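Structure record follows, encoded as structure tokens.
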């Protein structure tokens, strides 16, 4: 699943335009997402337990935890794929309980480990699909494609290939390009680099860090890998058993763990990132 901006809300000097052509703002706070007192059940499992956490704009936040800690559930709440049993969720300044979710999702890029490129489409068409569905001009699509494959270090010839002809790393890069196609205000990445070999992951990490420099976007990454979290994120949200154990800057969490559980989860990282 990928999402981006609608034609009516294409970015214009930091603003977004609604169908009437008037600026659409995200509200007067500095949060990309806000979770307040949220409890969530998934079947018989209590996935989230009275969770409250915020994600600042224009930074990269990593949600770090082991399998079953509630990381993916938290991201799915932020994009409105799940609804909380109790509590409140705000994304890009909008209360999800009372907003147009379809419209909001068009301002969010979303990529998961299973990137789900359509096998019958070329890579170029896969990446362009959000813009094609949004009826963007062909010249605009071509320009954006060129920008994205340059940022993600994909060779131009890859656009004419099909997904099965790509390596795992190239497929993940293509998935990121698709999530970024419409310049989202918020990028959600759920274990996007899992399953890749170490060298490929490091290469994509470098490209992601370059992306942050040339095209800043509020980003939330789900990962079980402390090394990855520290390498890519400005802030950490550490989770276990459906609870947030600690949140703060990377340095704050690494230098002053709130509990033995946080310390154990983060063991082995080594030196703090400057």
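A few notes on this one:
- Annotation: the residues 230, 217, 123, sorted from fewest to most other C-beta atoms within 10 Å of their own C-beta, follow the order 217, 230, 123.
- One way to sum up the overall shape of the chain is the equivalent ellipsoid from its Cα gyration tensor, whose semi-axes run 29, 24, 17 Å, largest first.
- Percentage relative contact order, the chain, counting C-alpha pairs under 8 Å, at least six apart: 26 percent
- As a proxy for reagent exposure, ranking 118, 110 by other Cβ atoms within 10 Å from fewest up yields 118, 110.
- Report summary: the helix-based calculation at 222 nm, which adds -39500 (n - 2.57) for every DSSP H run with n ≥ 4 and divides by the residues of the chain, gives -9000 deg cm²/dmol.
- Per-residue Cβ neighbour rank within 10 angstrom, fewest leading, 106, 243, 71: 243, 106, 71
- Alpha-carbon geometry of the stretch 200-245: the Rg and the Dmax are 12.0, 37 Å, given in that order.
- nm² value of the averaged projected area, convex hull over the Cα atoms of the stretch 55-112: 4.6 nm²
- Its Cα gyration tensor gives the stretch 80-176 an equivalent ellipsoid, and the semi-axes of that ellipsoid, as √(5λ) in whole Å with the largest first, are 30, 16, 11.
Taken together, the values in this text are just the output of simple stated rules run on the coordinates, not laboratory data. Just so it is clear, the structure is predicted and the values come from calculations on it, not from any experiment. Because the Cβ atoms are built from the backbone with ideal geometry, glycine has one as well, and the counts that use them run over all protein chains shown.
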